[in-house]
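We did not get these values from a lab; they are worked out from the coordinates using the rules stated. What you see is a predicted model; the values in this text were computed from it and never measured. Cβ placement follows ideal geometry from the backbone for every residue including glycine, while neighbour counts extend to all protein chains displayed.
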Amino acid sequence: MSKHAHVAQLTVAVSDRDHTIGPADAPVTLVEYGDYECPYCGRAFPIVQEVRRRLGDRLRFVFRNFPLTQIHEHAEHAAEVAEAAAAQGKFWPMHDWLYRHQFALDDDALLEGAGELELDVASVRRALADGTYRARVRDDFMSGIKSGVNGTPTFYINDVRHDAGYDTATLLAAIEQAELAL
Amino acid sequence: MILAFYPADWSPVCGDQMSLYNEVLPEFERYGARLLGISVDGMWCHRAFTENRKLHFPLLADFEPKGDVARRYGVYRERDGTTERALFVIDADGFIRWRYVSPIDVNPGADGILEALEALNAGVSK
């Protein structure tokens with residue numbers, strides 16, 4: 001019988017398969033596990049943008065899928081559409097589009113978004129129907145589960161789970177502290 | 001079997017503990033484990049909560065006598081009348097093989113449970 005007490009750590013390192021923005025050699029990497037339909041993630045979206053703007057090249061941001069499919073009926077397809085967009089080189093525009101359109105994320109809306117971003121809509125539609133990116137989304141999800149993701153959004157700063165709040169000031173302070181600890 | 005005590009239904013966050021486990025259910029099942037949630041909420045409360053969060057596993061009502069099961073596991077919180085966030089992994093012979101009590105305001109996630117199930121399976125196959 002064991003009790004385990006530990007600081008949750010990212011168990012799957014950031015790699016080429018991830019969607020990253022910011023320099024690979026930035027001193028701090030912020031990883032978010034998020035769900036496109038989760039209102040808390042929606043609130044975190046402009047905060048992360050602000051934090052990125054303020055820190056510039058000092059920060060690399062990574063987004064991984066963590067759709068809670070039972071409580072958010074559109075979250076899985078939204079995540080798959082983002083992956084389909086990534087295959088066409090437009091992950092981040094789609095990521096941003098999804099968080100700006102949280103209020104309507106049914107399949108028709110998702111394909112409309114794909115059109116707005118000038119993606120090959122037919123191939124996005126096919127990818128959704130075939131579940132082409134379902135395994136990829138599940139891989140992200142399981143990497144989160146194994147890293148102790150306990151709700152959405154969950155953030156990791158240089159591989160350590162950030163358990164404090166995620167308002168701009170708190171997140172900035174935690175990132176700057178991680179930078180000083182290097 | 002996984003027994004997950006939690007303080008109360010209706011915690012106001014996405015991805016609350018039970019919703020999270022709901023998503024991980026297929027992984028638990030891969031290890032042949034069954035999940036039971038348990039709190040001091042009554043049956044009707046559980047029923048509404050289950051419907052709202054679309055839970056695919058049973059919630060037990062430790063309601064009358066209140067907290068009786070939690071007391072036996074040593075995880076009743078006298079001062080607020082609820083239970084700890086406590087996880088137990090129990091083997092086929094009824095022995096507790098792993099337990100974890102999380103700080104009450106921290107959702108413990110599912111990583112500890114999966115590690116415990118993995119260890120248990122490794123032990124069985126030896």
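Ignore the peptide's own chain and count Cβ atoms of other chains within 10 Å of each Cβ in A:36-43; give me the average, rounded. Walk me through the intermediate numbers first.
Values: counts 0, 1, 3, 1, 3, 2, 0, 0.
The mean count of partner-chain Cβ atoms within 10 Å per residue comes to 1.
Using a Förster distance of 35 angstrom, determine the FRET efficiency expected from the C-beta separation of A:V7 and A:D107, and round it to 0.05.
About 0.30, to the nearest 0.05.
For labels at B:W10 and B:N52 in the simple 7 Å Cα→Cβ model, what's the distance in nm?
Distance between the two pseudo-spin positions: 0.6 nm.
Can you give the angle from 0 to 90° between the axis of helix A:134-146 and the longest principal axis of chain A, with both taken from C-alpha atoms, to the nearest 10?
20
Taking the Cα centroid of region A:44-78 and of region A:94-173, what is the distance between the two, rounded to the nearest whole Å?
Spelled out, the Cα-based centre of one part sits 6 Å from the other.
Could you state the angle between the C-alpha long axis of helix A:75-87 and the longest principal axis of the C-alpha atoms of chain A, as a value from 0 to 90 degrees rounded to the nearest 10?
90
Put +1 on the Cβ of every Lys and Arg and -1 on every Asp and Glu Cβ in region A:27-180; which of A:V28, A:A127, A:L180 then has its Cα farthest towards the positive end of the dipole?
It is A:L180, whose Cα lies furthest towards the positive end.
Counting partner chain Cβ atoms within 10 Å of every residue's Cβ in B:109-120, what's the average? Write down the numbers at each step before the final one.
Details: counts 11, 7, 12, 7, 1, 3, 3, 2, 0, 0, 1, 0.
What the average comes to for B:109-120 is 4.
Please get the size of the charge dipole for chain B, origin at its Cα centre, with Cβ charges of +1 on Lys and Arg and -1 on Asp and Glu, quoted in debye to the nearest 20.
180
Can you compute the equivalent ellipsoid semi-axes for region A:27-180, i.e. the square root of 5 times each eigenvalue of the Cα gyration tensor, sorted largest first and rounded to whole Å?
Listed largest to smallest, the semi-axes of region A:27-180 are 27, 16, 14 Å.
Just flag the GluC sites (Glu not before Pro) in region B:1-78 sitting in loop per DSSP whose Cβ has no more than 15 other Cβ atoms within 10 Å. Write down the numbers at each step before the final one.
Values: sites: B:E23, B:E27, B:E29, B:E51, B:E78; in loops: B:E78.
Sparse-neighbourhood loop GluC sites (Glu not before Pro): B:E78.
Averaged over peptide B:85-93, how many Cβ atoms belonging to another chain are found within 10 Å of each residue's Cβ?
Rounded to a whole number, the mean comes out at 0.
Calculate the length of the line joining the C-alpha centroid of region B:39-69 to that of region B:1-31, in whole Å.
If we compute the Cα centre of each part, the gap is 13 Å.
On a 0 to 90 degree scale, rounded to 10, what angle separates helix B:111-125 from the longest Cα axis of chain B?
The answer is roughly 40 degrees.
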